[in-house]
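Here the structure comes first, spelled out in structure tokens, and everything after it is commentary.
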Amino acid sequence: MLLVTHRCNLRCSYCYEPKQQAYDMTVTQAKQYVEETVCAMDDSYDEFEVQFMGGEPLLRYPLIMEVSEWLWNETFPKPLAQVFAPTNGTLLTDEMKAWFSENKERICLGLSFDGNRMMQNINRSNSYANVDLDFFLTTWPNQTVKMTLSPETLAMLYEGVAELHLIGFKYLTADLAMGKDIAWDTRHLSVLNEQLSRLSDFYLAHPEIPCMSMLNLDLSLVEQTDGKTKRCGCGETLVCIDYDGKQYACHLFSPITASKEQAIASQRIDFTDYSVFQSIMCKDCLLNPICNICYGMNYFCNGDVAKQSSFSCSAFKIQFLANCAFQYRRAKASGDYKEIGYIKQLIESINE
């Protein structure tokens, strides 16, 4: 992950990167960091991926174009698997669209877009009209669209998801906005429950549409853990390199998000010691194997990779129960008695 810029053209309501320093990586630096990282990979790695990250990466489109073409023509000790960049989608020009379309099999843009017009405009600086949704649909039809839910838009979750699906987007992921200043409270838990119930009805009525992330938990994983689970490759298979060459576990541990002091302290964390990522409160929880905990956000908000907010914990329990109810109804509709039996057994074990 290359932090090619700390700048962004939007001011999203929930942004956890508020500092907006004008730090940019140069083309020479980007190439150097990739070469050094790939050449240092041992035999446990078969390939590598490069992600251009920000800020808003498309502010550095000339760098993305030049470095990508260099990546595709250079010979490395390991093969290049993918080039990727998340984007808010508002800066695409006709020139950019032409280049991305020409190279769509070699580079992918992941769109961050928050639902319907009202949700997008509330969260993302009135930018709905500035995003060419058709371009993303036609260029990368199977790429997931990432939604972020704020306290102001949670009650529109169903409407936003349904609209994006009916426009044509197959795969959606949605996360609750997290950060030190996000004003979640217990009243939002009932709103989340109601919205997931409405979405359950939607997916049962449209079985041909893949379920969005909040209703797509793999319940079978609840019983498959050794108590040492770490859910992402931060600090191990993922390395985030800032404009100055300093390395972090991911962007959430870097100075683009964390304070300078936090960022420096994070470099002393042993990310291969999985016990660091298990809190006393969570270690015996039956939902621990599938919990959508984010270590970087925990560190940013609470100074501890293992310490999750009480709201996040409660929200995930609601999400889990919504999945049980939805997947039970789906199994009943399809006559999958094995799945019905498993979900009943799962609920009984939790009630014990």
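Figures for the structure shown
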item: Zone of K338's modelled label, taken as backbone nitrogen in the stretch 280-297 under 14 Å from a point 7 Å along Cα→Cβ; result: none
item: Nearest 10 degrees, 0 to 90: helix 61-73 Cα axis against the chain principal axis; result: 90 degrees
item: Linear extension gain, E95 paired with M41, 0.36 nm per residue minus alpha-carbon span; result: 15.9 nm
item: Principal-axis tilt of helix 27-39 within the chain, Cα atoms, nearest 10 degrees; result: 60 degrees
item: Contour excess over end-to-end distance, with Cα ends at H206 and R187 and 0.36 nm allotted per residue; result: 3.9 nm
item: Fully extended contour minus Cα-Cα distance, from N351 to D270, at 0.36 nm per residue; result: 25.6 nm
item: Share antiparallel - DSSP beta bridges, the chain, percent rounded to 5; result: 15 percent
item: Farthest toward positive dipole pole in the chain [+1 Lys/Arg, -1 Asp/Glu at C-beta], among G235, L166, L321; result: L321
item: Rounded accessible area per residue of the stretch 238-352, 1.4 Å, Å²; result: 51 Å²
item: Which label in [x] 45, 30, 21; [y] 37, 29, 18; [z] 33, 25, 21 gives the computed semi-axes √(5λ) of the Cα gyration tensor in Å; result: [z]
item: Per-residue SASA entry for R11, accessible area with 1.4 Å probe, Å² rounded to 10; result: 140 Å²
item: Degrees, to the nearest 10: 337-351 long Cα axis against longest axis of the chain; result: 90 degrees
item: Cα-centred dipole magnitude for the stretch 131-255, charges only on beta-carbon of K, R (+1) and D, E (-1), debye, nearest 20; result: 300 debye
item: Top positive-direction residue, dipole computed over the chain with Cβ charges, set Y61, F100, Y23; result: Y23
item: Of all accessible heavy-atom area on the stretch 10-61, the percent that carbon and sulfur account for (1.4 Å); result: 46 percent
item: Sequence-separation-based contact order of the chain, relative, with Cα cut under 8 Å and 6+ spacing, percent; result: 15 percent
item: Order of exposure, largest accessible area first, which applies to D270, D181 with probe 1.4 Å; result: D181, D270
item: Structure-based [θ]222 nm, the chain - -39500 (n - 2.57) summed over DSSP H runs of at least 4, per residue, nearest 500; result: -12000 deg cm²/dmol
item: Selected from C39, S125, M156, residue furthest toward positive end of dipole (the chain; charges at beta carbon); result: M156
item: Rounded FRET efficiency, nearest 0.05, which uses the C-beta distance separating N126 from S310 and R0 of 41 Å; result: 0.80
item: Relative contact order [Cα under 8 Å, 6+ residues apart], the stretch 113-178, whole percent; result: 43 percent
item: Count of Lys pairs (Cα-Cα under 29 Å; at least 8 positions apart or interchain) in the stretch 1-116; result: 5
item: The chain, dipole about Cα centre (Lys/Arg Cβ +1, Asp/Glu Cβ -1), debye to the nearest 20; result: 880 debye
item: Size of electric dipole in the stretch 166-323: Cβ of Lys, Arg +1 and of Asp, Glu -1, about Cα centre, debye, nearest 20; result: 160 debye
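The values are calculated or read from the model by the stated rules, or taken from the named source; none is laboratory data. This is a predicted model, so every value here is computed, not measured. A quick note on method: Cβ atoms are made from the backbone with ideal geometry, for glycine too, and the neighbour counts reach across all protein chains shown. These accessible areas exclude ligands, DNA and RNA; they are computed on the full protein's heavy atoms, side chains included. Shrake-Rupley method; radii C 1.70, N 1.55, O 1.52, S 1.80 Å.
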